[in-house]
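Chemist: What follows is a structure written as structure tokens; I'll ask about it next.
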């Protein structure tokens, strides 16, 4: 299996890349942060680290520095994959890098316009540029898979305002992009699906709550839903499960979350649990019910 995880530097992208490696895939791990140069997010994680983790998991990780807003760089990346592998079986569009750009609970007229528009470019344009070039290679063989990574399913986001107008539009658009690509891919025997993780214990969120993966439960005092959080491996296993599914086209055009896919495929998070944070939010937290979060793990 040959995969391209666009936006594999950290968080969800890293989790997906590593779990694809765990099923033996060769994974091209792209992003802007390398050991020599950091992106505008100025974090320490690098694509080389991710590639090493992919290889350690049993696959082959190949780090490639790419700015996915640069069409020429993405085109060169796909040409390299074609030359080296002759095929592409899985494309994961996880490019983001906009956490530092949006302002929580800020109306559009007060939100910094340049930051908001930059966020949309990072969240939407990158995905479209990457798909434009990569899908030409992916559709050569039936069974190809495109995963659009977002925050919140189509059903959830349809009735809820997501933080700011720019963030809201970004996350809704990615779900719609998966739906749109599905229409074009179906005739080639390929699949496009939008997948959202739950409350992710990413590197950034662990730092935000001042905890580690070993002490993560201490963060529940800051946010009750954190009790139903998940590691990046969980959504990674979700993508790996779909990628190996001979009947993956049943998901074409769908918008699903990692917890829902765990119920279908039977995989667990690294601790053996099956977190369902979206179920917890909609069934317990929003209605104001008093239910032990452990019932949603």
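All of the numbers you see were taken from the coordinates with simple rules; none came from a lab. Every value quoted in this text rests on a predicted model; they were computed, and no experiment measured them. Here Cβ is always computed from backbone atoms with ideal geometry, including for glycine, and neighbour counts include all displayed protein chains.
Chemist: Whole Å is fine, so just give me how far the alpha carbon centre of region 170-199 lies from that of region 277-297.
Modeler: Cα centroid to Cα centroid, the span is 27 Å.
Chemist: Measure off 7 Å from each Cα along the Cα-to-Cβ vector at residue 103 and residue 263, then give the distance between these two points in nanometres to one decimal.
Modeler: 3.9
Chemist: Mean-square fluctuation check for the chain, GNM, Cα pairs under 10 Å: which of 54, 92, 242 is largest?
Modeler: Greatest mean-square fluctuation among the candidates belongs to 242.
Chemist: By its C-alpha gyration tensor, with a ≥ b ≥ c as the square roots of the eigenvalues, how is region 233-297 shaped: rounded for a/c under 1.5, else prolate for a/b larger than b/c, else oblate?
Modeler: It comes out oblate by the Cα gyration axes.
Chemist: Follow-up. Rank 235, 221, 78 by mean-square fluctuation in a GNM of the chain with C-alpha springs under 10 angstrom and give only the top-ranked residue.
Modeler: Of the options given, 221 has the highest mean-square fluctuation.
Chemist: Here's something else I'd like to know. What does the extension gain come out to for residue 163 and residue 294, with contour length at 0.36 nm per residue minus their alpha carbon separation?
Modeler: So the chain would gain 44.5 nm between residue 163 and residue 294.
Chemist: Calculate the translational D of the chain in whole µm² s⁻¹ from Stokes-Einstein, where the hydrodynamic radius comes from the Kirkwood formula applied to all Cα pairs, the temperature is 37 °C and the viscosity 0.692 mPa s.
Modeler: D = 171 µm²/s.
Chemist: In addition: Where does each of 13-21, 79-87, 59-67 land if you order them by average Cβ count within 10 Å, highest first?
Modeler: Sorting 13-21, 79-87, 59-67 by mean packing, highest first, produces 13-21, 59-67, 79-87.
Chemist: In nm, what is the difference between 0.36 nm times the number of residues separating residue 274 and residue 247 and their Cα-Cα distance?
Modeler: Taking residue 274 through residue 247 to full extension adds about 7.5 nm, to one decimal.
Chemist: What's the FRET efficiency of residue 210 with residue 60 using the Cβ-Cβ distance as r and R₀ = 41 Å, to the nearest 0.05?
Modeler: Computed FRET efficiency for residue 210 and residue 60: 0.70.
Chemist: Could you quote the convex hull projected area for region 53-106, Cα atoms only and averaged over all directions, in nm²?
Modeler: 5.8
Chemist: Helix-only mean residue ellipticity at 222 nm, the chain, DSSP H runs n ≥ 4 weighted -39,500 (n - 2.57), per residue, nearest 500. What is it?
Modeler: Taking each H run of at least 4 residues, the total per residue is -11500 deg cm²/dmol.
Chemist: Hey, rough spin-label estimate for residue 283 and residue 221, points 7 angstrom out along Cα→Cβ, what's it come to in nanometres?
Modeler: 3.0
Chemist: Stretched out fully, how many nm does the piece from residue 85 to residue 110 gain, at 0.36 nm a residue minus the Cα gap?
Modeler: Stretched out fully, the residue 85 to residue 110 stretch lengthens by 4.2 nm.
Chemist: What nm value, rounded to one decimal, do you get for the distance between residue 128 and residue 71 when each label is placed 7 Å out toward the C-beta?
Modeler: Between residue 128 and residue 71, the simple spin-label model gives 1.1 nm.
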